[in-house]
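The values are calculated or read from the model by the stated rules, or taken from the named source; none is laboratory data. Because the structure is predicted, anything quoted here is derived from the model rather than measured. Heads up, the Cβs are rebuilt from the backbone with ideal geometry, glycines too, and the neighbour counts pull from every protein chain shown. Only protein heavy atoms, including side chains, enter the accessible area calculation; ligands, DNA and RNA are left aside. Shrake-Rupley method; radii C 1.70, N 1.55, O 1.52, S 1.80 Å.
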Amino acid sequence: MRGVNAALGAAGLAAFLALGEAVPRLGLVEEDHFPPTSRIADALGTELADGAFWAALGDTLTGWALGLAIAVGAGIVVGVVISVVPYLREATASTIEFLRPIPSVALIPLAVLLYGTGLRSVLLLVVYASFWQVLIQVLYGVQDVDPVAEETARSYGLGPWARIRHVLWPTALPYVMTGVRLAAAVALILAVTAELVIGVPGLGARIAVAQTSQAVPEMYALIVVAGLLGLLINVGARSVERRALAWHQSVRGEVAA
């Protein structure tokens, strides 16, 4: 079954690339605005041979990884504290619901005012956007803890940390991993967006330079790199999720299927 799915995926990708080659060649769109796939591939090869490209990729990955790590750590800690401290969840619910919908891109002027066009501006946007993905999942996960299991742990004399480790965490972990996977994708989007808009060094800034200099094939090649990077991050996050939840029924069922 997996082989069939892989073959279908490869066929779909080949058809998409062929369509990208044919549409400008047939004159349906101007090649100056949408180059054929072959020209984009040539531009991608040129980019891969350029040391500046790898430096930009490293800058993007640095902002992504640091921001994601901070957001995941803060989201887990804050989520657990809010959930286990009596009445704290009710006291913070309105504040969370007010702050969570604010688009991170709306904070770009604030980030520039505070930190200029440096890495810290990227981190501010990435952490803000990714933090909510993890926090909300942690809150849902803790809410899903079986009250009977919680009371049983109390009756056996387990302290707060022991209950968190043996009761709360196993229940919340699937939710946490979902939040991490979502946060990883959001973090990449915000990292590239910050570079594109603010001009912080990275893939986004390189895309902006290619666009303003009318290097259209190079621009599309860099966009393809950003898309491939997002794909790799998603595949990696799913792999980590499966390993971390190898004991969980959902993953065992997926492997068995």
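Brief remarks on what is shown
- Cα convex hull of the stretch 151-257, projected area averaged across orientations, nm²: 10.0 nm²
- If you model the stretch 35-243 as an ellipsoid using its alpha carbon gyration tensor, with each semi-axis the square root of five times an eigenvalue, the axes come out at 40, 19, 12 Å, biggest first.
- Note on the chain: dipole from Cβ charges, positive end direction compared against Met219, Leu66, Val176; the farthest Cα belongs to Val176.
- Length-normalised contact order of the chain in % [C-alpha pairs under 8 Å, at least 6 apart]: 23 percent
- The packing ranking, built from the mean of other Cβ atoms within 10 Å per residue, places the peptides 189-196, 207-214 in the order 189-196, 207-214, highest first.
- The residue among Ile108, Pro160, Ser121 whose Cα reaches farthest toward the positive pole of the charge dipole of the chain, with charges on the beta-carbon of Lys, Arg, Asp and Glu, is Pro160.
- Full-extension gain in nm, Val105 to His166, via 0.36 nm per residue minus C-alpha separation: 18.1 nm
- Where the chain is the region considered: accessible area per residue in Å², 1.4 Å probe: 56 Å²
- Taking 0.36 nm per residue of separation and subtracting the Cα-Cα distance, full extension of the segment from Ala93 to Ala18 would add 22.0 nm.
- Solvent-accessible area of the stretch 35-243 (1.4 angstrom probe, protein heavy atoms only): carbon and sulfur portion equals 68 percent.
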